[in-house]
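Structure first, commentary second.
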There are 2 protein chains.
Amino acid sequence: MAVLGHLIDGNSRVYGIIADPIAQVRAPDAMNEIIAARKSNAVFVPFHVHAGDLSVFVAGLKAWRNLPGFTLTVPHKETARALCDRVGPMAAITGSVNVVRKGSDGAWEGETYDGLGFVSGLKSEGIDPAGASIYVQGAGGASKAIVAALADAGARRIAVANRSTIRATILIERLETVYPGRCVIAGPADLVGADIVINTTSLGLNENDPSPIDTSALHSRQIIAEVIMRPDTTALLEVAQARGCRVHKGVHMLTGQVREIANFLGI
Amino acid sequence: MAVLGHLIDGNSRVYGIIADPIAQVRAPDAMNEIIAARKSNAVFVPFHVHAGDLSVFVAGLKAWRNLPGFTLTVPHKETARALCDRVGPMAAITGSVNVVRKGSDGAWEGETYDGLGFVSGLKSEGIDPAGASIYVQGAGGASKAIVAALADAGARRIAVANRSTIRATILIERLETVYPGRCVIAGPADLVGADIVINTTSLGLNENDPSPIDTSALHSRQIIAEVIMRPDTTALLEVAQARGCRVHKGVHMLTGQVREIANFLGI
């Protein structure tokens, strides 16, 4: 819980998160905690902006000299891509942007840290995806970002499993052009052979959700990772723990992402 | 000194001051102190915006749903008038706006509290301008706002003295249409006959400034008031004190204005 411990004055830089709805966002709390820890003269605030108003709002932010950048979440992550003058490699691959900063030439520079934050969270727990064989359940927005970041971090093989094979195929074809021969549609052997198993679906958010993966195949040489933050320990992680797996909670993706975004924004 | 004692979260309202330069603004400190005292879930930040960017920035603010309003200072107070959909009586008279809020219909409502804040400061010290004869030195922006607010508060006679009689005449003609027969060009007898004498010029900011008014005419039945905040007690106020006058410091205008603006913005 971040209580702003410093004075806001005429020299303070201002950052914020653009979202709709806004009430649930946790970024101000997390970012103001980092601001306090780094003793920056800055503050991070909520921007409640409707989808149709994003471009006029961002045009206004360009004129706000002491605003070095901002983050975005639902429903703005795809539309923000078009407002950027330049984007980083993850945004180029995924078509999604969740942080934008002003470059030294005044241009908007966008990137997405959804996947990079997950990888940063893994590494902060001593887990290096370089050279690993990874099984990823799900092929939605979170999966796309995570698979791209894992490939970028040097994962040897990434097997993507999804209820809709078409969606997984589209994701893999997109990655194939940038990281050829690394991503495949998951087959039956991939779950057993994986060093790291990651759930990127929303199954586990609710108490009665079915398991996102076949837990009977898990074994103690595997690391099982989540993107779900609440509950802190999902049913999947509980079962994995019982089967002797090392588990990696969803919260690490948040803390990894917050740290990376703070660095990108110069907080 | 205001340290934000509360958590900024997704439900926080955000306010700010638009200015250029920005480093010197004291509004964030003063307003965050009021926010803390009123236990509002809000924060007040600096907006550094160049003169030519004001309209694009304010268009962006319209899209920011949890921003109920903002204040402005140099160089935006006159140009802001044109961006408002409606203005209050003081803004209509002076052509200057230093606070804008979103009305319930989404329209921008502007007003200036430069003069109303001065009157509020007088009243907070138990000085009522209603029925008083007042001598005002200066005919610039601060004078215009203060004279209008004094007339609005029921001052009986306001004598305006200025080095340039033309400027004083223009000011008085403007006021004449709204408050007929109340404002006059100051003659020699007005300084002696005044209940309240107000310096609205910048003379007194610097140590070697000449006195803005002829202090030999001051007497102990008068109240001498300043708009200058630094030094806290100007040379004029020191001489006035020595002559037995009651003095009214510039700081009361600031505190009066901050309180009135916070109320206008619903902070």
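Key figures
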{"read-out": "Subset of region B:221-248 (residues that are closer than 21 Å to B:S124 by Cα, of a type in the set (D, E, K, R) and over 18 Å from the mean Cα position of the chain (by Cα))", "value": "B:R221, B:R246"}
{"read-out": "Verdict on B:N11 being within 11 Å of chain A (Cβ to nearest Cβ), out of contact with any helix residue (DSSP H, G or I) (no Cβ under 8 Å at 6 or more places or on another chain), more than 25 Å from A:V58 (Cβ to Cβ) and of a type outside the set (G, A, S)", "value": "no"}
{"read-out": "Filter result (more than 7 Å from chain B (Cβ to nearest Cβ) and farther than 14 Å from A:I261 by Cβ) within region A:20-38", "value": "A:D20, A:P21, A:A36, A:A37"}
{"read-out": "Residues that are within 14 Å of B:G16 (Cα to Cα), facing chain A (nearest Cβ under 7 Å) and not aromatic (F, W, Y), drawn from region B:39-61", "value": "B:V43, B:V45, B:P46, B:H48, B:V49, B:G60, B:L61"}
{"read-out": "Candidates B:R259, B:R230, filtered to the one that is more than 19 Å from B:V147 (Cβ to Cβ), part of a loop (DSSP other than H, G, I, E, B) and of a type outside the set (A, V, I, L, M)", "value": "B:R230"}
{"read-out": "Members of region A:152-179 that are in contact with a Cys (Cβ under 7 Å, 6 or more places away or on another chain) and over 14 Å from A:M90 (Cβ atoms)", "value": "A:I158, A:V160, A:I172, A:E176"}
{"read-out": "Residue check for A:I261: among the aliphatic types (A, V, I, L, M), touching a His at 6+ places or on another chain (Cβ under 7 Å) and surrounded by 15 or more Cβ atoms within 10 Å (Cβ to Cβ)", "value": "no"}
{"read-out": "Considering residues of region B:59-79 that are without any contact (Cβ under 8 Å) to a residue 40 or more places away in the chain and not basic (K, R) only, the residue surrounded by the most Cβ atoms within 10 Å (Cβ to Cβ)", "value": "B:G60"}
{"read-out": "Test: B:I158 is in a strand (DSSP E or B) and either at pLDDT 95 or above or over 20 Å from B:I228 (Cβ atoms) (or both)", "value": "yes"}
{"read-out": "Cβ-Cβ under 7 Å pairs, at least 6 apart or on other chains, region B:189-207 side part of a helix (DSSP H, G or I), far side loosely packed, with under 14 Cβ neighbours inside 10 Å", "value": "B:L191/B:D214"}
{"read-out": "Residues within region A:118-145 that are surrounded by 24 or more Cβ atoms within 10 Å (Cβ to Cβ) and farther than 16 Å from A:I223 by Cα, tallied", "value": "5"}
{"read-out": "Number of the exception - A:I17 against (1) surrounded by fewer than 24 Cβ atoms within 10 Å (Cβ to Cβ); (2) within 12 Å of chain B (Cβ to nearest Cβ)", "value": "(1)"}
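Every residue, every condition in (1) in contact with a Ser or Thr (Cβ under 7 Å, 6 or more places away or on another chain); (2) among the basic types (K, R); (3) in a loop (DSSP other than H, G, I, E, B), yes or no:
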position	(1), (2), (3)
B:T71	no, no, no
B:P75	no, no, yes
B:R101	no, yes, no
B:V119	no, no, no
B:G126	no, no, yes
B:P129	no, no, yes
B:V136	yes, no, no
B:A151	no, no, no
B:T169	no, no, no
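The values are calculated or read from the model by the stated rules, or taken from the named source; none is laboratory data. Owing to the predicted nature of the structure, the values given are computational and were not obtained by experimental measurement. All Cβ positions, even for glycine, are placed from backbone atoms using ideal geometry, and neighbour counts span all protein chains on display.
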